[in-house]
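Take a look at the structure below.
Laboratory data are not the source of any read-out in this text; all were calculated from the coordinates shown. In this text the structure is predicted, and so the values were computed from the model without any measurement. Don't worry about glycine lacking a Cβ; one is built from the backbone with ideal geometry, like all the others, and counts go over all protein chains shown.
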Amino acid sequence: MAPRLFLKAGDLLLYQPVTMMETIWCGLTRRPIAHLEVYDGHRYSLASRRETGVGLYPMRLAHLAWVLRPAARLDVEAGRAFVDARRGMSHAQVSAAAAAVGYLRAAGWDVFPGEKGERIAPCQFLELIGKGCSVVYEATAHLDT
């Protein structure tokens, strides 16, 4: 059964690994997060996906591991504008984490200060729990994280 979620634009959606490569990466990082998207509202998320690059996509619940809510008041329109300016760029040009970092910075929260978005891994967003984000949803399979 899918979780019942009450999401707000700007919520961070963290996903567990699906592919073999993602599973290997998560094993190396010892963290269960392989992908990250930003909830845009109306059941859509802003993301950079391997297959299609940067864009606005129907939100997925499959493999959702965590939902984090930034405490900072976000300028969602400015965040959307950041992503819109990169729409269609490949995942190799803008990773999922870089897109999320850019969105959050454009929206008014300098997440991971001094770090380049390209150097942030999706699993590092778990470090924000209690330091700028609260947990809205956590899959029970990941309670040992």
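If you place +1 on the Cβ of every Lys and Arg, -1 on the Cβ of every Asp and Glu, and leave all else neutral, what size is the dipole of region 78-145 about its Cα centre, to the nearest 20 Debye?
Using only the charged Cβ atoms, the result is roughly 320 debye.
Give the longest segment of the chain that steers clear of GluC sites (Glu not before Pro) in DSSP loops with at most 16 neighbouring Cβ atoms within 10 Å, not counting the sites themselves.
52-114
Grab the DSSP H runs of the chain that are 4 residues or longer, score each as -39,500 (n - 2.57), total them, divide by all residues and round the 222 nm result to the nearest 500 deg cm²/dmol.
-6500 deg cm²/dmol, from helical runs alone.
Which cross-chain or sequence-distant (5 or more) residues have an amide H under 5 Å from the amide H of Asp11, H modelled 1.01 Å from N in plane?
Correct list: Tyr39.
Nearest 0.05, what FRET efficiency do Arg30 and Ala71 give at R0 = 30 Å with Cβ-Cβ as r?
Result of the calculation: an efficiency of 0.65.
Given +1 on the Cβ of Lys and Arg, -1 on the Cβ of Asp and Glu, and no further charges, what dipole in debye does the chain carry about its Cα centre, rounded to the nearest 20?
Roughly 100 debye for the chain.
For region 42-92, what class follows from the C-alpha gyration tensor (a ≥ b ≥ c being the square roots of its eigenvalues): rounded when a/c is under 1.5, otherwise prolate if a/b is larger than b/c, else oblate?
oblate
Under the Karplus relation 6.51 cos²θ - 1.76 cosθ + 1.60, θ = phi - 60°, what is the ordered set of whole-Hz ³J(HN,Hα) values for region 77-83, x standing for Gly and Pro?
Values, residue by residue: 4, 5, x, 4, 4, 4, 5 Hz.
Determine the gain in length on full extension of the stretch Arg87-Arg119; use 0.36 nm per residue of separation and subtract their C-alpha separation, reporting nm with one decimal.
9.5 nm
Once R0 is set to 25 Å, what does the formula 1/(1 + (r/R0)^6) return for the Cβ-Cβ distance between Leu56 and Met20, expressed as a FRET efficiency to the nearest 0.05?
After rounding to 0.05, the efficiency reads 0.35.
Just the Cα atoms of the chain, one point each, no solvent: what log10 I(q)/I(0) does Debye give at q = 0.17 Å⁻¹?
Log10 of I(q)/I(0), two decimals: -0.91.
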